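Okay, structure first, notes after.
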Amino acid sequence: MSKLFKSVLLAAICATCLSVSGASWFVRGNKYNVETLVITGNYKSPRLMAELIQAESRQPYIIVPAANAKQSFWYVALPKTDGFAMSEEKFGPWIKFSQCRRVVILGDNNCVPEKYEAMIDKSIPVVRITGDWERVAEELTFMLNLSNLKRNYPKLRKELDRTYQPISAPAAKTPADPGTGKPAVPAADGEK
């Protein structure tokens with residue numbers, strides 16, 4: 001057999017193998033087993049990090065309610081599917097049911113209170129990571145064997161800071177001035 005024929009045959013075999021595998025080598029992470037479960041509060045920096053971890057590793061994350069939130073449900077974000085809301089009493093049992101190898105909590109006690117950490121089964125290793133978010137992204141890149149988190153987080157965080165406009169409640173309507181029909185300008189504090 002000639003060298004050209006052998007090269008063409010080898011190329012055809014490689015192409016067939018890659019097409020059969022579905023090019024799953026582009027994305028890291030186990031798509032069937034939960035290895036790392038990320039838990040964070042409903043705040044923009046840690047939530048962005050949890051979403052970036054999920055995009056690269058295909059692992060779920062849980063958002064616990066913010067400290068001043070009126071809702072008291074937890075949201076489980078699953079990769080490539082719709083997530084679901086979960087009540088507090090199902091929080092610990094669901095983590096155990098997921099059979100995760102480890103839990104990573106993003107944020108300090110203000111972001112994820114210790115009472116939620118206490119609900120996790122003691123047989124599951126728990127790591128709480130706090131500090132400067134860009135530094136946390138660097139450490140998680142190493143710890144979770146990710147390749148894009150360290151590079152993407154600072155870039156997307158700047159974009160989020162530039163475009164994100166938090167709204168806590170709808171603005172109160174000001175009554176219209178009967179003479180002009182335009183909204184009346186409320187008096188500043190100290191003015192009468």
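Step through the table entries 70/122; 90/115; 44/70, compare each Cα-Cα distance with 23 Å, and write down the pairs that go over it. Violating the 23 Å limit, Cα to Cα: 70/122. Spin-label model, residue 162/residue 148: points 7 Å from Cα along the beta carbon direction are separated by 2.0 nm. Close amide H partners of residue 39, meaning residues 5 or more places away or on another chain with modelled amide H under 5 Å apart, are 62, 104, 105, 106.
Remark: spin-label model distance residue 70-residue 130 equals 3.0 nm, labels positioned 7 Å along the Cα→Cβ axis.
Readers should treat all values here as calculations from the given coordinates under stated rules, not as data from a laboratory. All figures in this text were calculated on a predicted structure; none of them were measured in a lab. Cβ: placed from backbone, ideal geometry, glycine included. Neighbour counts: every protein chain shown.
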